[in-house]
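FYI, it's all coordinate maths here, none of it is from the lab. All figures in this text were calculated on a predicted structure; none of them were measured in a lab. Using ideal geometry, Cβ is built from the backbone for each residue, glycine included, and neighbour counts are taken over all protein chains shown.
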Amino acid sequence: MYEVKESDWKIFRKRVPQWQEDYMKKLNKEYIEILSRDGSAAKNFWDLENRVFKDKRRVGVVIDMRRSRMLINLLDLLEDHVISLEDLNEFSEELRKMIIQITER
């Protein structure tokens, strides 16, 4: 099991707020598109409500900031397209290699 390095943990804590902010900006644009569609205003409203219900549980919106969950959180951020592998360039080589191995499976 990967033991989180202090340097990786500091980088993670520093980067998460901006990653979340960028992700929520993207979501807001998508929500505007849903509300701007032609057709029934009621359908657009309920489609948006369903989407927000799902999105607000994603790690890009709310995250459990425990050190023990850092690796899982990074994998979830990657899976949800909140970040890319390039966003991990500041992290240790050991962590990047581990993430690449896991994601290639």
* To do: Note down the magnitude of the dipole of the chain about its Cα centre, charges +1 on Lys and Arg C-beta and -1 on Asp and Glu C-beta and zero elsewhere, to the nearest 20 debye.
  => 320 debye
* Asked: For the chain, modelled as a GNM with alpha-carbon contacts under 10 angstrom, which of PHE12, PHE45, PHE91 fluctuates the most?
  -> PHE45
* Using a basic spin-label model with each label point 7 Å from the Cα along Cα→Cβ, how many nm lie between SER92 and ASP80? -> 2.6 nm
* Asked: If the cut-off is 21 Å between C-alpha atoms, which lysines fall inside it for LYS54, apart from same-chain ones fewer than 8 positions away?
  -> LYS25, LYS26, LYS29, LYS43
* Structure fact -> For SER7, the net charge from surrounding residues (Cβ-Cβ under 14 Å; K, R +1; D, E -1) works out to +1
* Kindly provide the pair-distance distribution of the chain built from C-alpha pairs, with 10 Å bins from 0 and whole-percent values in order of increasing distance. => 13, 41, 25, 14, 6, 0
* Distance in nm between pseudo-label sites at PHE53 and MET24 (7 Å out along the Cβ direction from Cα) -> 2.2 nm
